[in-house]
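Working notes for the structure below.
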Amino acid sequence: MKIAFIGLGNMGGGMAANLVKAGHQVNAFDLAEQARSAAKDAGCEVFHDLKEAVQDVEAVVSMLPNGGIVKAVYENDVIGHAPAGAILLDCSTIDVATAKEVTEAATKSGYEMVDAPVSGGIAAANGGTLTFMVGGTESAFARAEPILQGMGKAVIRAGDAGAGQTAKICNNMLLAVHMIGTCEAMKMAEKLGLDPQKFYEISSQSSGSNWSLNTYTPLPGVGAQSPADNDYQGGFATALMLKDLRLAMEAAENSDSAVPLSSRAASLYEDYSGAGNGALDFSSIIKTY
Ligand code: NAD
């Protein structure tokens with residue numbers, strides 16, 4: 001297929017390269033010269049004008065920083081410029097309301113569109129092992145699925161437009177809560193005189209077992225190999241967790257959902273990120289205990 005890819009950053013660069021490896025012809029566009037030149041090296045055809053990049057493609061994939069940019073890019077340069085009948089896939093993490101709004105605008109102009117945010121970080125984007133959670137009609141999903149499979153290990157339809165973003169922010173909200181809970185329990189066990197490795201052995205096989213404890217253990221030298229063992233470099237940056245928590249808090253307010261634990265987790269990550277720790281892996285919040 002001929003596919004336009006917009007946003008060739010940390011995530012999008014590897015994703016576009018995997019589409020080339022999967023046999024697609026990729027028209028690549030980014031505002032940054034460095035991103036464009038890496039895409040060229042990966043076998044993409046690079047464009048300096050987005051309207052030109054989408055002109056004769058069968059699909060458009062985007063991986064952009066936020067909802068405002070996604071809305072502007074689709075409304076100004078994609079809708080009405082990509083051929084009628086092209087399938088549109090936005091893989092960025094954005095707010096549910098904007099995802100629905102952009103899909104509605106695309107649908108009105110005769111396109112099918114899905115929101116398809118991802119789980120998995122830069123390594124999964126480069127390795128083609130992302131999990132995609134997809135919102136859109138069954139017909140849009142059927143067209144998007146084979147394209148997403150070229151970049152991921154799992155492609156799951158969550159429901160209609162916006163459902164992919166809903167799944168993503170609810171998942172990451174839960175992740176923040178069990179990471180913080182895990183940090184608190186591990187540090188308290190330690191203060192009470194229990195060897196943290198013993199706590200890990202017991203709790204990871206007991207009812208306190210959870211992903212943060214079992215496979216992303218936040219204490220260095222304890223439990224599973226994780227960013228903690230690499231001085232909290234790499235992994236999932238605190239600033240990105242905070243971005244997702246802000247989206248989750250906005251969605252909670254819009255849907256009148258009670259989220260007392262998650263809102264506390266969000267404010268702990270606000271403070272921690274604001275103290276200059278945004279670039280560190282999100283499990284490093286254990287250092288505040
Ligand atoms: P990034 O900042 O590395 O990349 C974004 C790219 O978009 C940049 O290259 C930037 O130049 C480009 N861009 C910005 N505005 C543009 C425009 N108007 N037109 C064209 N290009 C434009 O960000 P990232 O880490 O690749 O994240 C992208 C998305 O993926 C975000 O929504 C993020 O929340 C989500 N995400 C990231 C991770 C991660 O681990 N990095 C994991 C899951 C989801």
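Laboratory data are not the source of any read-out in this text; all were calculated from the coordinates shown. All values derive from a computational prediction rather than experimental measurement. As a convention, Cβ positions derive from the backbone with ideal geometry for all residues, glycine included, and neighbour counts pool all protein chains shown.
Before moving on, here are some points about what is shown:
- With R₀ fixed at 51 Å, the C-beta to C-beta distance from LYS108 to MET188 puts the FRET efficiency at about 0.40.
- Per-residue HN-Hα couplings for the stretch 107-120 [Karplus 6.51, -1.76, 1.60; θ = phi - 60°; Hz; x = Gly/Pro]: 4, 4, 8, x, 9, 9, 9, 10, 9, 9, x, 10, 10, x
- Evaluated with a Cβ-only charge set (Lys, Arg +1; Asp, Glu -1), the stretch 166-288 carries a dipole of roughly 80 debye about its Cα centre, given to the nearest 20.
- Dipole magnitude for the chain: about 480 debye, using +1 per Lys or Arg Cβ and -1 per Asp or Glu Cβ, origin at the Cα centre.
- Estimated distance in nm for a label pair at ASN66 and LEU31, the labels positioned 7 Å out from Cα along Cα-to-Cβ: 1.1 nm
- Coupling constants for the stretch 6-23 follow from the phi torsions by the Karplus curve (6.51 cos²θ - 1.76 cosθ + 1.60, θ = phi - 60°), and in residue order they are 10, x, 9, x, 3, 8, x, x, x, 5, 5, 4, 5, 5, 4, 4, 7, x Hz; glycine and proline get x.
- The distance between label points at LYS21 and GLN197 comes to 3.6 nm (points 7 Å beyond Cα on the Cα→Cβ vector).
- Farthest toward the positive end of the dipole of the chain, out of VAL57, TYR111, LEU219, is the Cα of LEU219, where the dipole comes from beta carbon charges about the Cα centre.
- Cα gyration tensor, the stretch 2-159 - rounded (a/c under 1.5), prolate or oblate: rounded
- Cα-Cα over 27 Å, subset of LYS40/LYS153; LYS153/LYS287; LYS2/LYS153: LYS153/LYS287
- Using a Förster distance of 22 Å, the FRET efficiency for ASN254-ASN76 (Cβ separation, nearest 0.05): 0.30
- Projecting the Cα atoms of SER273, VAL73, TYR232 onto the dipole axis of the chain, where Lys and Arg carry +1 and Asp and Glu carry -1 at the beta carbon, places TYR232 farthest toward the positive end.
- Only the Cβ atoms of Lys and Arg (+1) and of Asp and Glu (-1) were treated as charged; on that basis the dipole of the stretch 2-159 about its Cα centre amounts to roughly 360 debye.
- A Förster radius of 41 Å, combined with the Cβ-Cβ distance separating ASP271 from SER139, puts the computed FRET efficiency at roughly 0.35.
- Gain upon complete extension [ILE156, SER206; 0.36 nm per residue less C-alpha separation]: 15.1 nm
- Report summary: the helix-based calculation at 222 nm, which adds -39500 (n - 2.57) for every DSSP H run with n ≥ 4 and divides by the residues of the chain, gives -14000 deg cm²/dmol.
- Virtual spin-label span in nm between GLN233 and ARG246, 7 Å along Cα→Cβ: 2.7 nm
- Between the C-alpha center of the stretch 1-69 and that of the stretch 150-219 there is a gap of 33 Å.
- The slack between SER263 and ASN10, meaning 0.36 nm per residue of separation minus the straight C-alpha distance, is 88.3 nm.
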